[in-house]
Each structure stands twice: as structure tokens, then as C-alpha cells.
1. Filtering the stretch 19-42 down to residues that are surrounded by fewer than 17 Cβ atoms within 10 Å (Cβ to Cβ) and farther than 15 Å from PRO3 by Cβ, which residue is modelled with the lowest pLDDT?
2. Which one is farthest from the chain's Cα centre (by Cα), of the residues in the stretch 25-44 that are in a helix (DSSP H, G or I) and in contact (Cβ under 8 Å) with a residue 24 or more places away in the chain?
3. Please give the number of the condition ASP11 fails out of (1) in a helix (DSSP H, G or I); (2) within 10 Å of the chain's Cα centre (by Cα); (3) buried (at least 16 other Cβ atoms within 10 Å of the Cβ).
Amino acid sequence: MKPKEYREHLDALGMTITSARHMLKSGERTVRRFASGEAHIPFSVEALLRVMVKYKITPAEILKLAGTKPPAVGFGDRRFKDED
């Protein structure tokens, strides 16, 4: 996955860099480096984003499936919240 595709997938999911950081359990610098092309995007991240976009799975749904509670709302992403 190229950086442009990475950014397009985040946009398609309504995600910000901050919400991507929380969903991926990664540092903000790392996800910014993925977006800028300074760091290789791991296959696991690529596969996750592609599946999420293809099947319209929200970040909150992914975290629920993984058994992790989504963080509080306020990361600049209206969709990144607990939808119970």
C-alpha cells in the first residue's frame, strides 16, 4: 500500500491520524510516517484497512471485534466512538 492509498483509506473510513493511532495502538509519529511515506506500511495495517473499507466496518466495530473498548469520543472523528 502506498501512502496515498493509506490516506484515502483513512478518509473513506472517516478517520483522522489520531483515531488511526488509537485503533492501531501505535504512536502518532508512526501513523504520520505511514501517511507521508517515511515508513513502510505493514501488511497487517494494509489488510485491516482494505477489509474495513471493502466491508464498511467502522473503527469502533473493529475494536469491539478485537475485544477492546473504543476510547472516549473527541479524537476528531465522529464515527470513532462506542456505538452501543
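The values are calculated or read from the model by the stated rules, or taken from the named source; none is laboratory data. Every value quoted in this text rests on a predicted model; they were computed, and no experiment measured them. Cβ atoms come from the backbone with ideal geometry, glycine included; neighbour counts cover every protein chain shown.
1. Only one residue tops the list, namely LYS25.
2. SER36
3. (3)
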